[in-house]
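These notes concern the structure reproduced below.
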Amino acid sequence: MKKDYTRDFNDIAYFIDHVNDIDARVDVLQKLGYKIGVDIVTKETNVVKRVIKGKRGELRVQIAPAPKGLPLAKCVILE
């Protein structure tokens, strides 16, 4: 049976939309029990709220843009 991630997506999107400080956003999402990781992004794929499927089948939601000069963006990992 597949897990329904609708509630998770809504929670994550809420914090992306309402918490402007990225460090505070990451901290709150971590305290809610979400696992935080990083994704490698390009100029075209550096989009906040982007959802991808990882190599191990997990879903990843980008929660912050990549800093200038670095191809790494913070994401929430949903397993």
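The values are calculated or read from the model by the stated rules, or taken from the named source; none is laboratory data. Predicted model only: the values in this text are computed from it and were never measured. Reconstructed Cβ throughout: ideal geometry from the backbone, glycine too, with neighbour counts over all protein chains shown.
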(message) List the strands (runs of 3 or more DSSP E) inside the chain, counting only whole elements, that have at least 2 residues being touching a residue at least 60 places away in the same chain (Cβ under 8 Å).
(response) 72-78
(message) Being loosely packed, with under 15 Cβ neighbours inside 10 Å and hydroxyl-bearing (Ser, Thr, Tyr) narrows it down to one residue among Tyr5, Tyr34; which is it?
(response) Tyr5
(request) Select, from Val76, Val41, Val48, Val26, the only residue that is touching a Phe, Trp or Tyr at 6+ places or on another chain (Cβ under 6 Å) and either surrounded by 13 or more Cβ atoms within 10 Å (Cβ to Cβ) or among the aliphatic types (A, V, I, L, M) (or both). (result) Val76
(request) Take the residues in the stretch 1-49 that are modelled with pLDDT of 95 or more and among the basic types (Lys, Arg), then tell me which one is farthest from Lys74 (Cα to Cα). (result) Lys31
(message) Tally up the residues in the stretch 17-55 that are among the β-branched types (Val, Ile, Thr), touching a helix residue (DSSP H, G or I) at 6+ places or on another chain (Cβ under 7 Å) and over 18 Å from Pro71 (Cβ atoms), please.
(response) 2
